[in-house]
Structure formats: C-alpha cells, structure tokens
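Working notes for the structure below.
The values are calculated or read from the model by the stated rules, or taken from the named source; none is laboratory data. Predicted, not measured: the structure shown is a model, and the values here were computed from it. Every residue, glycine among them, receives a Cβ derived from its backbone with ideal geometry; neighbour counts consider all protein chains shown. These area figures cover heavy atoms from the full protein model, side chains too; ligands, DNA and RNA do not enter into them. Shrake-Rupley method; radii C 1.70, N 1.55, O 1.52, S 1.80 Å.
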Amino acid sequence: MTGFLDDLHIRRSPAFAEWADGIRAKLVRRQCEVLAQATAEAMATRQWREAVRYAERWVKAAPLDSAPNAALIEAHFMDGDRALALDAFAQYRSRFAEETGQAPERALAELAERIRNAGVAAARRRATEEWYAAAPSFQGSLIGRGGEWDALTSAWRKAADGSAQIALIEGDAGVGKSRLVEDFARWVSASGGTVLRGRGYDARGGVPLGAIIEVVAHNVPVGLGAPLYAKLDQDIASAMMSINAVKGVEIGAGFAAASLTGEQNADEMRSGADGRPEFTSNNAGGILGGISTGQPIVARFAVKPTSSILNPRQTVNKAGEEVEISTKGRHDPCVGIRAVPIGEAMLACVLADHYLRHRGQVGG
C-alpha cells in the first residue's frame, strides 16, 4: 500500500503527487483497519499463529503504532514463545526511540515486564487448551493500579505459602475492578494456582440462578468410542442430559463452533518434542468422529435455575382459575454447585464404560 503509484511520476504536477499521497494514506489506514480486525478475530478464536501473521503485517504497515506492536507481542506469547514476544518488544522500543527519541508508552513496557517475569509457566510450548487457561491476560494495563496489584500478588504469595487470605476489591462502577480481578485470576493460573469462579446474589430476593459447568478429563487413551451407534461424545451427552435440571450439553467449542470458519475450527497437528503428533488447539474437545484423540475431553452442561421460587408467580390451579403461587421453605439458590461432582462422576462412568468396551474388543 505504501508503494502505491511510486513508479508513476508526472512532471510539474504537484497536484498529482498530493493526490497520490492522500490515496496512499487512505489505503494504509484501511489496510490497518482490516489487519486489526483480522488479528482480533484470530486471537478471539485462539488461532495464535494466524494472529502472529496478521500482527506482523499490521506492524509493517504501522511500525510506530503501539496497538499492532502490542498485538504482536501478545500473539507471540500466547503461541507459547516468550522469547519472540520479548524480542518483538525490544525491536519496537529500538525503532520507536530512533524515530521519536522517546520510550514506548508505559502500558506496553508493563506488558513486556510481566511477560519477562512470567517464569516457568511461559516456557516454550504449544498453545493447547491448558496453555490458554494458564496464560496471563493482557486486556488492560495496570496504570494507576500498581498498589492494588501489589496487594493482590502479596496475598497470593502468602496463600501459596499456606496462609489463608481474603482480598476484597471495592470501588465505583467503571473504574476497572472486573478487569483487574480477571487479570489477577489469570495470573494466578499462570503461577500454578487453581481459580474457582462464583457469582453472588441477594439471598433475600429468593431468586434462584442457573449455571454452566465444565468437566475436563485428562490423559484419556486414544481410540475410545466408535464412529457410529457407540460414539463417545454421544454417550457423554446422554449421560450429562440424564442429570436433573440439565438443559443443554456441548463438547469442545460446542455451539461457538457455529460462528467459526472451517479453518478456525479445525485442530491442526504438528510434531511434538518426542516426535509424536500434537494438536495445536482443541475445538473438538478431545473427540473426533466419535473417537477419543488423546487430547483432554472437554464437556460443558447448562443447569437451569431451580423451580422453587420464593417470590409470587402467576399460574393456574386445577379448577382453571388464575392464581399466584410461591414456594415456601429452604431451597438451593443454585443446584449447579451440587451438579459439579455429579458431572465429574457421569463423565468418569462413560469413560470407564468405553475403556472396558475397548479392552473387550482389542484386548490389553
């Protein structure tokens, strides 16, 4: 785009040169908009290598802008290569200093510093589902929140040493509390911690809530299931739907796969360090064609809110009269909490059943 009409010159025509410069600038802006959107879509669907390629082209079109450089740094890191991420920052810092005589903006410098300090969790490896879950988030900077971040990380270190800690984050709406908490939760995951998420409600309101529960099975042997009639995902879905209050089940990317292109949804394979093939993503949820692939099996099921509602609701009695009804007594505000071990048990039962079938068919 930057070379548009470079080889065409009209003597004594400054108007043409001015027009060509304007067209070039317009094309570069449009190119950057397209590349920014493509990069964002690749990141949203965890296609990190695609994101790296788009971000590199974006940086080439706008080498001094912070947005494309930040996207390239993040894409490299999420692809599992901390060294390339830090190298991308070093190149941008050098290029920016040479052109402007200034340092990059603080947010970008903090991003690089956090990647540098990411430790063992950021070692070079493929961007699997586990890697994505353990990767730090880069949605926002910590400008102006350094004190809060230090307090949270201090509490985490004490908790990791065995001392129970409670951190309460307060503030007005819109000041960035949710973003700070999300960033911290992902950072704890990257440091080897386990993050449990919950949602609070006003117990006095008597309004029950639903839930979405994800169950993951690791180290499942390759080859369990069948391409027809005894498909592994079919039996998992059947088992999950047999749980009371469950209204929907999805495997892997599930319903989100409908919004992906074929290239985005397909799980590519590469040779691993031991020479065995590895998947670079897990949209299939560990099952292809009804048969386990060796990847983690990921199943999610939706649990409806309980039908026991304390607040009056409209209904019709056996005489056909319109009346109000309210349920009295003590009831679970969310049965999703109780459903977690049930979902785990159901998945374990299905896998055990298929393992025994497989052993009966092929021996071993």
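In the complete set of protein chains, residue-level accessible area for Trp156 is approximately 70 Å², probe 1.4 angstrom.
From the alpha carbon centroid of segment 214-240 to that of segment 318-364 is 17 Å.
Excluding residues on the same chain fewer than 8 positions from Lys158, give the aspartates and glutamates whose Cα lies under 14 Å from its Cα. List returned: Asp150. Sorting Asp172, Asp87 by solvent-accessible area of protein heavy atoms yields Asp172, Asp87, largest first, with a 1.4 Å probe.
Counting only pairs 8 or more places apart or on different chains, how many lysine pairs in segment 212-339 have C-alpha atoms closer than 26 Å? Lysine pairs, 8 or more places apart or on different chains, close enough: 6.
Per atom type, segment 282-358 shows carbon and sulfur on 57% of its accessible surface, probed at 1.4 Å. Once the C-beta distance of Gln91 and Asp150 is scaled by a Förster radius of 25 Å, the resulting FRET efficiency is 0.25 to the nearest 0.05. Here the extension length gained between His331 and Tyr355 equals 4.8 nm, from 0.36 nm per residue of separation less the Cα-Cα distance.
Ranked by solvent-accessible area (1.4 Å probe, protein heavy atoms only, all chains present), the residues Ser326, Ser178, Ser238 order from largest to smallest as Ser178, Ser238, Ser326.
At full extension, Val34 and Thr315 could sit 95.9 nm farther apart than now, given 0.36 nm per residue minus the alpha carbon distance.
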